[in-house]
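J.: Handing you a structure now.
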Amino acid sequence: MQIREAAHPDIARIQIIRNSVAENTLSDPALVPDKDVETYITQRGKGWVCEADDQIVGFAIADLQDNNIWALFLLPGYECQGIGRALHDTMVDWYFAQTKHKVWLSTSPGTRAEGFYRKAGWNEAGTYGKGEIKFEMSYEDWCTCNAVSLRTSGDND
């Protein structure tokens with residue numbers, strides 16, 4: 001498994017992964033065109049991809065402009081191997097190295113993603129959009145969460 005910064009040639013694979021998930025699906029894949037992905041990984045923030053088995057199997061994108069996590073998705077079959085957590089931690093570490101502003105994200109209730117973010121230390125902060133759960137993470141919470149995770153081992157989300 002290797003995590004690296006996302007680049008323009010990765011966009012096609014990012015779109016395949018985004019549109020292959022079983023939870024938090026897009027009602028219309030055209031809602032997130034390639035140009036939007038490019039803007040988020042080159043202008044608004046940064047993205048990362050994870051390569052395993054000679055292919056990109058996951059990606060994460062942080063948005064500095066709106067202080068949010070824009071995306072974190074894995075190819076089905078690559079869950080529960082530590083890939084999501086590695087992408088998450090890389091992205092959040094980078095985010096808080098750029099700014100100390102609180103970061104937020106949203107996800108559908110009752111999904112594995114909801115449990116993942118709760119376990120990663122995110123705090124529920126209400127609802128967003130069409131009934132999604134809004135989560136927030138402060139710099140201080142992230143520092144505390146990282147200090148705890150450094151003391152524990154064997155956590156492979």
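The values are calculated or read from the model by the stated rules, or taken from the named source; none is laboratory data. This is a predicted model, so every value here is computed, not measured. With ideal geometry, Cβ positions are generated from the backbone for all residues, glycine too; neighbour counts draw on all protein chains shown. What goes into the accessible areas is simple: the full protein's heavy atoms, side chains included, and nothing from ligands, DNA or RNA. Shrake-Rupley method; radii C 1.70, N 1.55, O 1.52, S 1.80 Å.
J.: So which residues in the stretch 14-25 are open to solvent by less than 60 Å² (accessible area, probe 1.4 Å) and either over 18 Å from residue 68 (Cα atoms) or at pLDDT 95 or above (or both), if there are any at all? If you could, list the steps in order and put the result at the bottom.
T.: Initial filter on the stretch 14-25 (open to solvent by less than 60 Å² (accessible area, probe 1.4 Å)): 14-15, 17-18, 20-21, 24.
Answer for the stretch 14-25, where residues must be open to solvent by less than 60 Å² (accessible area, probe 1.4 Å) and either over 18 Å from residue 68 (Cα atoms) or at pLDDT 95 or above (or both): 14, 15, 17, 20, 21.
J.: Quick check, is residue 78 modelled with pLDDT under 95, crowded, with 18+ Cβ neighbours inside 10 Å and not charged (D, E, K, R)?
T.: Yes: the conditions hold for residue 78.
J.: If you scan the stretch 29-48, which residues turn out to be closer than 27 Å to residue 80 by Cα and open to solvent by 60 Å² or more (accessible area, probe 1.4 Å)?
T.: 29
J.: Still on this model: Among the charged types (D, E, K, R) and within 16 Å of the chain's Cα centre (by Cα): which single residue out of 46, 35 fits that description? Full working, then the answer.
T.: On the way: 35 fails: within 16 Å of the chain's Cα centre (by Cα).
Going through 46, 35 in turn, just one is among the charged types (D, E, K, R) and within 16 Å of the chain's Cα centre (by Cα): 46.
J.: I'm trying to understand the selection: among the residues of the stretch 4-13, which are hydrophobic (A, V, I, L, M, F, W, C) and surrounded by fewer than 16 Cβ atoms within 10 Å (Cβ to Cβ)?
T.: Once the filter is applied, which keeps residues that are hydrophobic (A, V, I, L, M, F, W, C) and surrounded by fewer than 16 Cβ atoms within 10 Å (Cβ to Cβ), the stretch 4-13 yields 7, 12.
J.: Can you confirm whether residue 54 is surrounded by fewer than 21 Cβ atoms within 10 Å (Cβ to Cβ) and either at positive phi or in contact with a strand residue (DSSP E or B) (Cβ under 7 Å, 6 or more places away or on another chain) (or both)?
T.: So residue 54 fits the description; yes.
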